[in-house]
Amino acid sequence: MKDSVKDDILEILIPETDIRTKVGELASRINADYRDKNPVFISVLKGSVIFLSDLMKNVDIRSSLDFIAVSSYEGDTESTGVVKLEMDLRESIEGRHVILVEDIVDTGLTMDYLKHNFMTRRPASFNICALLTKPERTRIKVDIAYKGFEIPDKFVVGYGLDYAECYRNLPFVATLRPEIYRKVK
Ligand code: 5GP
């Protein structure tokens, strides 16, 4: 039976090898910047988990991990513009050096929301590490200390990013054939 998600791909925007190199570079910078700081990586569920796990495997300093879940997309390709906290952190971040790990910063609404939310909890420091950004879509400018790739204004899947909960397992970042959207909706 043929059931490969790769058949639905239109174009690979970022190949696996480029991602691997970039993740290694970001991790090296984090290793240098956070030595002796015991940072906490906070992964924004679910899209950032593949990026997070590759990043953490390349980080060799003492650090910990927590998760948070927010929503703004509700299964479609356009943000609703309203960010909702779905699941909060398990641990306090007061006095901790926080590295927020995100798959993609699109309008910036989610990162802006989380930054303000986290700052009320009085961390020692706060930085964002995002694999992808879409500069053309920016509505709120947020500072991204560790940035992977800038991509054009296209809806992408793979390497953790989904469309209707599918395609997260692709090892690269890609666009989907247009008929796929019609099929799933
Ligand atoms: P923002 O709040 O910056 O507009 O959107 C952030 C969230 O929107 C991301 O965490 C991600 O879940 C979703 N998102 C934005 N652009 C894309 C995209 O091209 N593909 C996928 N799968 N999700 C996206």
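Quick rundown of the values:
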| item | result |
| --- | --- |
| Scan of segment 32-60 for residues that are open to solvent by 20 Å² or more (accessible area, probe 1.4 Å), under 19 Å from SER125 (Cβ atoms) and more than 18 Å from the chain's Cα centre (by Cα), ordered by number | ALA32, ASP33, ARG35, ASP36, LYS37, ASN38 |
| Within segment 135-160, tally of residues that are within 20 Å of SER43 (Cβ to Cβ), open to solvent by 10 Å² or more (accessible area, probe 1.4 Å) and in a loop (DSSP other than H, G, I, E, B) | 5 |
| Residues of segment 91-113 satisfying the condition of being open to solvent by 20 Å² or more (accessible area, probe 1.4 Å), within 16 Å of the ligand (Cβ to nearest atom) and either touching an Asp or Glu at 6+ places or on another chain (Cβ under 7 Å) or farther than 24 Å from ASN169 by Cα (or both) | LEU109, ASP112, TYR113 |
| Any pair with Cβ under 9 angstrom, 6 or more apart, that starts in segment 111-122 at a residue that is touching a residue at least 24 places away in the same chain (Cβ under 8 Å) and ends at one that is within 13 Å of the ligand (Cβ to nearest atom) and among the polar types (S, T, N, Q) | TYR113/SER72 |
| Residue selected from segment 1-30 under the condition within 18 Å of VAL157 (Cα to Cα) and among the β-branched types (Val, Ile, Thr), by the criterion surrounded by the fewest Cβ atoms within 10 Å (Cβ to Cβ) | THR17 |
| One residue from PHE126, PHE149, PHE155 being near the ligand (Cβ under 8 Å from one of its atoms) and touching a residue at least 12 places away in the same chain (Cβ under 8 Å) | PHE155 |
| Cβ-Cβ under 8 Å pairs, at least 6 apart or on other chains, segment 161-172 side under 18 Å from ILE19 (Cβ atoms) and assigned to a loop (DSSP other than H, G, I, E, B), far side within 9 Å of the ligand (Cβ to nearest atom) and among the basic types (Lys, Arg) | ASP162/LYS46; ASP162/ARG168; ARG168/LYS46 |
| Given (1) among the β-branched types (Val, Ile, Thr); (2) in a strand (DSSP E or B); (3) under 15 Å from the mean Cα position of the chain (by Cα), number of the condition THR110 does not satisfy | (2) |
| Looking only at segment 18-73, and only at residues there that are within 20 Å of GLY108 (Cβ to Cβ) and assigned to a strand (DSSP E or B), the one that is modelled with the lowest pLDDT | SER71 |
| Any hit, segment 74-86, residues being part of a loop (DSSP other than H, G, I, E, B), within 10 Å of the ligand (Cβ to nearest atom) and open to solvent by less than 10 Å² (accessible area, probe 1.4 Å) | no |
| Total residues in segment 134-146, condition near the ligand (Cβ under 9 Å from one of its atoms) and either more than 19 Å from ILE68 (Cα to Cα) or among the polar types (S, T, N, Q) (or both) | 5 |
| Test for GLU102: is it part of a strand (DSSP E or B) and either of a type in the set (S, T, N, Q) or touching a strand residue (DSSP E or B) at 6+ places or on another chain (Cβ under 7 Å) (or both) | yes |
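The values are calculated or read from the model by the stated rules, or taken from the named source; none is laboratory data. Computed from a prediction, not measured in an experiment: that's the story for all the values here. With ideal geometry, Cβ positions are generated from the backbone for all residues, glycine too; neighbour counts draw on all protein chains shown. Accessible surface areas use protein heavy atoms only, side chains included; no ligands, DNA or RNA. Shrake-Rupley method; radii C 1.70, N 1.55, O 1.52, S 1.80 Å.
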